[in-house]
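First up is the structure itself, then whatever we jot down about it.
Just so you know, all these numbers are worked out from the coordinates, no wet-lab data involved. Predicted model only: the values in this text are computed from it and were never measured. Every residue, glycine as well, gets a Cβ built from its backbone with ideal geometry; the counts of neighbours run over all protein chains shown.
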Amino acid sequence: MKNHPDFPAEEQHLAATIQAMQQIIKDLEHDMDDRVHKINQSLSKKDEVSAYVHSLMKSDHAYKAADIAKALDNPYFGRVDFREDGAAEFDQYYIGRTKVARLDIESVKDILVFDWRDPVSTIFYEAQDGRASYEVLGRYTYTGDVSLKRQYKIEDGQLISMSEDNILSKLMSRQQESLIADPFLLERLLKGAGDRLKDIVTSIRSEQNQIIREPLNQVTIIQGVAGSGKTTIGLHRLSYLLYNEKLNPARLVIVAPSKIFLDYISDLLPEIDAQDVRQTTFQDLAAAIMQMEPAICGPAATAEPLATAVRWKGTPDFIKVMEIFLDRQLEKFCLKLKEISLFDGNLIISREQQLEKVVEGASIPYNERLRSLQRYIRFRVRNFIEVYEARYKRGEARADEKTAKRYSAEGEAFVEKHCVKWPFLELLDGYTELFQDKQAWRKAKLHGVDMELLQSHTLTTLGSGCIESQDLAPLCYFKYLLDGLTHVEQFDHIAVDEGQDLNPLEYIVLTRLSRNSSFTIMGDMSQAIHTDRGLTSWQALLKDVFANAKYRYYEVNYSYRSAKEIVGLFNKILPASRSKAIPVYEIGRQPVIEPAPSALDALRRTLAVIDEFRQLGCKSIGILTKQEADSLKLYQGLQAAAPELTQLNLITGSALSYHGGITVAPISLAKGLEFDGVIIWNASEQKFTAAYQDAKLLYVAVSRAMYYLHIFHQGRLTPLLG
Ligand SMILES: Nc1ncnc2c1ncn2[C@@H]1O[C@H](COP(=O)(O)OP(=O)(O)OP(=O)(O)O)[C@@H](O)[C@H]1O
């Protein structure tokens, strides 16, 4: 919109801002030189505190100058005009990726650009009906009128275009806001899927902004349809928390489903200043807790009733069994405790004194209780010897050197031998014993699980030297009960992506690593495609794990990823009871469903569709199969049939990074990713029955596509698409 009457004024404002920024950089550089001088002066006066303060200021200013220099090409992307209630005039707030402020801030006018995470920026994202408010430090609320919201496209320091929401006049005409009418959002959505997830700082929607700015110390759950921006919002929320709560990034962690997914989000993190946040999978976290690299067994049991029994290991009921088992161990140990009499009966440690040490304290880990008694006994023995030696050295009549030596030898021999047979438990041995303790399982009075089957199955797998993935959370919790978790870090905030795929016990383990039940959990129950793990519902999670925590639950239904034509198709796949996605843009081309008489034919046609997609401008293409074995076969087939095909990649379970280009992948491993165009290799009725489990898988596959979708079926088409 170059012919806007304000365009020249905005051009002038931009030029003036850039000039002011250059001046601020100069001022900062000048101040840094000055600080070097002051550091030297302070050091020469041996005033190390002042030297330290100056050096902190110097490095802070160096960062600031670098940030502002980086923003010179594109200092801001939005403006909002706000008048606080009671104030006479509207103030203009320019919003950018980095705050730009003069060195001495005397009034709000000295802040040339506000950071998108600043409290006031919320007005830019949320102003829709002429009124807005923002909160500072969760205590002060400022409310007022908004007259204007403008968005700018700036490149190389030049204003290219601007678009505007004249809110008051819009209100008057009672025009409904249409998402598609936002040209900046549309432009952003039509950019296509790159190799990695992108930031959305310039186009955060109002409902997303609210989630991003939720308070720190609560459980925030984001349930959203495919492509609704859950991952993106969750990561922007981390950036917001880091900036506003001044958290140490090492104390924030993202728990994601796979290494490939972590790689996929890796470009977004530096864009939003969250590059130092810890990123991990539950398996890696478990390895750190268990202090070992567990060997995970092959594919999970799928046949009933074993599958149900194995899945049960992820329920909180298992904790009951562990606690009963350890109580029984402790009870047996206590029953065997005897009075200790040493040094000719001169030192007595009574049974009661020992018992007290074992049972005191409510949440002391099992091994620590034994260690505490061990330390107590050793202390009493060594203390007796020391006191006796001191007495004989002082020349007391009833103490002599010979006896002191005898006592010392007796004491050391006792200390060495006494605890050798104590039942300290190592993690894996203890876990095995737990499954052998039939009485503990009986005492737990469990329902709905075939205990004997579970015990014999687990003892067999443990005996063969591997651990089922369902054993990881119980082992972590068992470690917590045995030794505590002081050897692993505690986090100020934990973000879980694909949260529907973690089971309740995995969440309970995470709560033991959280300082204050501060979580952001993103997920979609309609994408719960793993039969062997995961949640049954968000309600169950809240009841079983976060019953005492403060929480906020959000549902997001706009799908920003896929064009209307694709959203229309994936909405049909799920049962009517599931939330439907609402599209925000259309592309003007329907998905194609095409029969392929044979695999060879499908391969030939796939190559033609790849070609077509490329001509349509697709940079990333996903070719998705139901099973991993099909992906491998297809990948080899494509390589053989078209050796000239560039950028062809296969994703397997062990993949560490995502390369973009043409990706062949099983649907389960493509979850979370997106592609400009998607080819579904075989959506036959044989592969995808009408069962809910298959519907979820197909829903995931279809919703990976942004613009173009081509579905082949060898044999009759799945009823899910019929
Ligand atoms: N406000 C927005 N402006 C522009 N793009 C957006 C916005 N919100 C989300 N998107 C885009 O929508 C796409 C989907 O986002 P994301 O992958 O975070 O969704 P998701 O809900 O985690 O998806 P899924 O569960 O299907 O994996 C991304 O390309 C993201 O950049």
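Report note on the peptides 95-103, 289-297: ranked by the mean count of other C-beta atoms within 10 Å, highest first, their order is 95-103, 289-297.
Using the rule -39500 (n - 2.57) for each DSSP H run of four or more residues, divided by the residues of the chain, the 222 nm mean residue ellipticity is -14000 deg cm²/dmol. Per-residue Cβ neighbour counts within 10 Å put HIS487, HIS54, HIS447 in the sequence HIS447, HIS487, HIS54, beginning with the fewest. A simple spin-label model places pseudo-atoms 7 Å from Cα toward Cβ; at ASP27 and TYR63 they are separated by 2.0 nm.
Per-residue packing, averaged as other Cβ atoms within 10 Å, sorts the ranges 324-337, 617-630, 265-278 into the order 617-630, 265-278, 324-337, beginning with the highest. Averaging the sequence gap over all C-alpha pairs within less than 8 Å and six or more residues apart, then dividing by the number of residues, gives region 359-438 a relative contact order of 30 percent. Taking 22 Å as the straight-line reach from the Cα of LYS320, the lysines in range (excluding those fewer than 8 positions away in the same chain) are LYS332, LYS438, LYS443, LYS445, LYS479, LYS543. The spacing between region 583-601 and region 269-345, judged by their C-alpha centroids, is 47 Å. Look at the dipole of the chain built from charges on Cβ: of GLY430, SER684, THR511, the Cα furthest out on the positive end belongs to GLY430. From the alpha carbon centroid of region 644-722 to that of region 422-446 is 43 Å. Here the relative contact order of the chain, from alpha carbon pairs under 8 Å that lie six or more residues apart, stands at 13 percent. At an R0 of 45 angstrom, the distance between the Cβ atoms of LEU607 and GLU245 translates into a FRET efficiency of 0.30.
Of the trypsin sites (Lys or Arg not before Pro) found in region 1-42, those that fall in a DSSP loop while having at most 16 other beta-carbon atoms within 10 Å are LYS2. Counting Lys and Arg as +1 and Asp and Glu as -1 over every other residue whose Cβ lies under 9 Å from the Cβ of ILE324, the net charge comes to 0.
A simple charge model with +1 on the Cβ of Lys and Arg, -1 on the Cβ of Asp and Glu and nothing else charged puts the dipole of the chain at about 1900 debye relative to its Cα centre. Out of all Cα-Cα pairs in region 301-443, roughly what percent, to the nearest whole number, are more than 24 Å apart? The share of Cα pairs beyond 24 Å in region 301-443 comes to 49 percent. Unpaired Cys in the chain, meaning no second Cys C-beta under 4.7 Å: CYS334, CYS419, CYS476, CYS618. Counting only alpha carbon atoms, the long axis of helix 692-702 and the longest principal axis of the chain meet at about 50°. Peptides 56-63, 713-720 ranked from most to least packed by the mean count of surrounding Cβ atoms within 10 Å: 713-720, 56-63. Distance from the C-alpha centroid of region 391-418 to that of region 202-252: 65 Å, rounded to the whole angstrom.
Taking Lys and Arg as +1 and Asp and Glu as -1, the other residues whose beta-carbon sits under 13 Å from that of ILE289 total -4. Measuring between alpha carbons in the structure, the pairs from LYS64/LYS109; LYS259/LYS687; LYS70/LYS230; LYS149/LYS246; LYS338/LYS421 lying more than 21 angstrom apart are LYS259/LYS687; LYS70/LYS230; LYS149/LYS246. The local environment of ASN383, defined by Cβ-Cβ distances under 13 Å, has a net charge of +3 under the rule Lys, Arg +1 and Asp, Glu -1.
Under the combined filter of DSSP loop state and at most 16 neighbouring Cβ atoms within 10 Å, region 436-470 retains these trypsin sites (Lys or Arg not before Pro): LYS445.
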